[in-house]
Each structure stands twice: as structure tokens, then as C-alpha cells.
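To start, the structure itself, in C-alpha cells.
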Amino acid sequence: MTRLKVLLSAFACRPNEGSELGLGWNMIREIARHHELWVLTQDRHRPFIEEEVSRRPMPGVRFVYYRLPGAVGWWRRGQRGIQTYYYLWQIGAYRLMRALQERVGFDVTHHVTFAGYWKPSLLSLLPVPFVWGPVGGGEDAPRSFRASFGVRGLVYEDTRDVMRFVGEHDPLVRITARKSRVAFAATEETASRLEALGARDVRLLSQVALSGEEIEMLRGLGVKREAPFRFASSGRLLHWKGFHLGLAAFARADIPGSEYLIFGDGPHRKRLQRLAVDLGLAERVRFMGGMPREKALRMLGSCQVFVHPSLHESGGWVCAEAMAIGLPLLCLDIGGPARHVVSGLNGYKVAAGSPKQVVDDLAEAMRLLWSKPEVLQIMSLRARRRVGEDYDWRDKGEYIAGVYREVVGR
């Protein structure tokens, strides 16, 4: 079949990483099997990309790097100011996008990472069929949970609400939605937001996938069956990740000799550590901190159940990684994580009605999996099977490559 010329925007893109950085890289790798790619990304990713490409060449892929002038983006530090930086990066890179289009003549453009429904993609302004996503960000934490966030968390949520409201009324965002030939939505909540903005063809497509190599590696880690019985959570320690609900449920479950491992770091670590002490869990909860991805994944293999009570999240890569190892998943029935679980088959998802109800329901699921090893073992096998059947990057790449041909054929 004819290989199309594709311009792909991947603001976040780095090899051998998880989450959104891994999304950008794996999307490139899989689509390159089918089409010719020009990839626009940040200059800060250049050393990692060039090192990987020197070891594993990627024929048919050309990387184009752009960095904002220092006088514009000097104030960015890590995640601080990242949203404003991204917006300005898009504007600054537009002239480069137009020059590439005039020189190459692309068949289709695709905006992949940093694809929040309330943030524009200036690729949509090029006279080429435009694909957007997977797009996220339409999920909301239920109001009944906000009282548990603390002052810092409430400020974050209010700021997020304001930014999304402003974004929804940004003419560039509305143009992005209307110009998209296909907009992939990571969740039902985001799909409804995209349709309200004027996107004509919205399709559900999870952001989450794993390469065949990753799936085999994770399966090889196995799941520890001997004592102590361990629950695990992983991610940035932020209020909306819901780790405080997981801790409260663990205390309520009161399983003799059990432990709870929490991987990751973030601004709410001290608050969670105080909560563990207040709940009488200081000796049974281990805060592992940030560590290299491979080491954290190996340690997940020493656990039996993965707890991810996130209150607004579009993806949840770590959920797929944990399931590939063989850990049943406990989550809320909202957002991206809920799409990973068929309740009662490879884990349990509980309604997000109120904090007390969530804590009670999670605690009940914890006790059930601890008290019934045969149920745990069956769910472990089903978790692995689900990842193998539904989360393989090769399948996702083939589907998206076909969508390109579809929109060009229109």
C-alpha cells in the first residue's frame, strides 16, 4: 500500500519511558511501519532520541526539533509553567510547520502528545487533513471528594477549572476541534467535550498501550504469592491520584500482616505520610519514593494487588503495566482507569459516590482478594490476558495508520 507522508507533532516524546513520553515515542515507532514520518518535538528530547536511533535506526522517520528562545521560556522548571510553555511552543513552531509543509507536501498531520481537549494544535491550520489525539482532560473529580483535597488541592482544582473554561472559549481550540477529520478521545467524558467544541468525528481510543517487548518483560516478572500480602500504588503523589483513599481503605480492610507500597514522589508525600501515621499504618506502609522505572516495575512483582483510585485521569499507563505483571486492578468507575477493568474479571471498579463509600468498597475488595487466593489467581491470569489482547502497540499503530488512509481517501 502507498506510504503516506505524515507530519506528527509530539511535544512529549522520549524512548524507554512510560506515560506521555512513551506515548509519543511508541506512536512514532509503530506508525513508521506503515508511513513516512516527519516528527516535530522539543529540542530537549534530542540527546535521548539520537542515542536511541544510533542503536536502533528508524528508516523513514525524520526528527525536527524546536526550542523556544531562552528569553521566552527561561522561567520553565520541570512541570512548573508547562502549560503556558506548551502554548507558546506551538505558536513559535508554526512557522517551522508551514515551511515543512511547503517543502514536503504532507498527506496528513497528526497531533499526538500534550493533547488536552482545551489546548490548541496549530497543525490544524495547515491545508492538510488533520487527526487529533488521543485527547484527554475532560474528566472531573466528583464534587463530593473536594473536601478531602486540602487547601493546595482545592487551589489546583479551581485553577484547572479556570484554565479549561478559558481554553474552551479560545478560538484556536475551537478551530482545532472543527478542523479535525478524526478526533480520538481517551474517555467518554472527553468525547462529549470534543463534540461540544465542534469536532465532527469523535472516536474512543485509549492513550494506553505497551510494546510486545514490554508485555513479555512484564509477564516475566511474575507475581509473588508468599507472605506478606502486599498492595501497591504508583504515580506522582498528587491529591487527585486518590492515594489518601487507598490508605484509608487499607486501614479499613485491616488485613493481618499485609503491607502497602507506594511508588513515586510529589507535593502530597508529607500529607500522605502524616495520614499513614494517623491511621496507625506507619509500620505497614512503605513510601518507596521515585526510582528508575525498571526497578519500580520489578518491585511491583513482589505485590499482589494494584490500587489506583484516581479521581480524574485520561490514561493510566501504570495500570496496564501492573496488569501485565499479573496484578488485579482496584480503581474508581470514572475516567481512563475504569476502561482497563471489567469488574469481577481482572479487578474491581467501584462507584465514585462519596469518599466514605469509596473507602468502604475498596476495603471490601481488598479483603476479598486477600481471603480468596483462587479468585486472586484467576484475576491475575485475566489481567495478563487482557493486556495481551487489548493493549499491544502494534495493533494500535495499524488502526491509526488505517485512519490516515481513510481521512486522505475522503
Original post:
Which numbered condition trips up Arg219, out of (1) open to solvent by less than 50 Å² (accessible area, probe 1.4 Å); (2) of a type outside the set (A, V, I, L, M, F, W, C); (3) on the phi < 0 side of the Ramachandran plot?
Top reply: (1)
Original post:
Any idea which of (1) within 13 Å of the chain's Cα centre (by Cα); (2) in a helix (DSSP H, G or I) is the one Ala322 doesn't satisfy?
Top reply: (1)
**OP:** Filter the range 313-328 down to residues that are of a type outside the set (Ser, Thr, Tyr) and open to solvent by 10 Å² or more (accessible area, probe 1.4 Å), then give me how many there are.
**Re:** 4
Original post:
What residue, of Val208, Val162, Val182, is farther than 30 Å from Ile262 by Cα and touching a residue at least 60 places away in the same chain (Cβ under 8 Å)?
Top reply: Val182
Subject >> When residues of the range 199-215 are limited to those that are under 11 Å from Glu321 (Cα atoms) and assigned to a helix (DSSP H, G or I), the one most open to solvent (accessible area, probe 1.4 Å) >> reply: Glu214
Original post:
Which one of the conditions (1) open to solvent by 50 Å² or more (accessible area, probe 1.4 Å); (2) under 25 Å from Gly235 (Cβ atoms) does Ala338 fail to meet, given that it meets all the rest?
Top reply: (1)
**OP:** For the range 218-238, enumerate the residues that are in contact (Cβ under 8 Å) with a residue 60 or more places away in the chain and assigned to a helix (DSSP H, G or I).
**Re:** Leu218, Arg219, Leu221
**OP:** Please name all residue pairs, on different chains or six or more residues apart, with Cβ atoms under 6 Å, provided the first residue is in the range 326-355 and is closer than 21 Å to Lys372 by Cβ and among the acidic types (Asp, Glu) and the second residue is at pLDDT 95 or above and open to solvent by 10 Å² or more (accessible area, probe 1.4 Å).
**Re:** none
Original post:
Looking only at the range 327-350, which residues are over 20 Å from Val223 (Cβ atoms), of a type in the set (Gly, Ala, Ser) and touching a helix residue (DSSP H, G or I) at 6+ places or on another chain (Cβ under 9 Å)?
Top reply: Gly335, Gly336
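Does Met299 fit the bill of being touching a helix residue (DSSP H, G or I) at 6+ places or on another chain (Cβ under 8 Å) and either in contact (Cβ under 8 Å) with a residue 24 or more places away in the chain or closer than 30 Å to Gly137 by Cβ (or both)? Break it down stepwise before answering.
Numbers: touching a helix residue (DSSP H, G or I) at 6+ places or on another chain (Cβ under 8 Å): no; either in contact (Cβ under 8 Å) with a residue 24 or more places away in the chain or closer than 30 Å to Gly137 by Cβ (or both): yes.
So Met299 does not fit the description; no.
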Subject >> Test: residue in the range 371-391 that is assigned to a helix (DSSP H, G or I), open to solvent by less than 50 Å² (accessible area, probe 1.4 Å), among the aromatic types (Phe, Trp, Tyr) and modelled with pLDDT under 95 >> reply: no
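Do you know which of the residues in the range 1-59 that are under 21 Å from the mean Cα position of the chain (by Cα) and open to solvent by 80 Å² or more (accessible area, probe 1.4 Å) is modelled with the lowest pLDDT?
It comes out as Asn16.
The values are calculated or read from the model by the stated rules, or taken from the named source; none is laboratory data. Note that the structure is a prediction, hence the values are computed from the model and not measured. Here Cβ is always computed from backbone atoms with ideal geometry, including for glycine, and neighbour counts include all displayed protein chains. The area values use the complete protein model at the heavy-atom level, side chains included, leaving out ligands, DNA and RNA. Shrake-Rupley method; radii C 1.70, N 1.55, O 1.52, S 1.80 Å.
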